[in-house]
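Q: Please find one structure pasted underneath; my questions will follow.
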């Protein structure tokens, strides 16, 4: 997967702006609290500097705003979400979310037409 870097994290952090400064495109993959369990959506993300004061929850839009503020440039950014069935602590995905992993993988593949990802390549996105 030349040219593709996969980063897994519990939450987005302001210092990740340094990494975003080095890329042309970023794809955030996350569970969504709103919507039906297993529902997958793709959206374009724009920077939003109204969220820069938050330290406990940093959205992709706020991270983009940090990138622009600190480095003066922005990557193209997408958000792929899948509606979560449960946000309780656990080690496995709900059946509804697990069933959508092929859909999530296809969404990511469509956003990276010059790269191929295998199912083993997105383990961190689950």
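Just so you know, all these numbers are worked out from the coordinates, no wet-lab data involved. This is a predicted model, so every value here is computed, not measured. Cβ: placed from backbone, ideal geometry, glycine included. Neighbour counts: every protein chain shown.
Q: Please give the peptides 36-43, 25-32, 59-66 ranked by average Cβ packing (other Cβ atoms within 10 Å per residue), highest first, as a rough proxy for protection.
A: Ranking, from highest mean packing down: 59-66, 25-32, 36-43.
Q: Follow-up question, since we're still on this one. Compute the FRET efficiency between residue 106 and residue 7 as 1/(1 + (r/R0)^6), taking r as their Cβ-Cβ distance and R0 = 30 Å, and round to the nearest 0.05.
A: The pair residue 106/residue 7 has a calculated efficiency of 0.90.
Q: Need one word for the range 14-119: rounded, prolate or oblate. Basis is the Cα gyration tensor (sqrt eigenvalues a ≥ b ≥ c); a/c below 1.5 gives rounded, then a/b vs b/c decides.
A: Here the range 14-119 falls in the oblate category.
Q: Using 0.36 nm times the number of residues separating residue 42 and residue 24, minus their current alpha carbon distance, what extension gain do you get?
A: Contour length minus Cα-Cα distance gives 4.7 nm.
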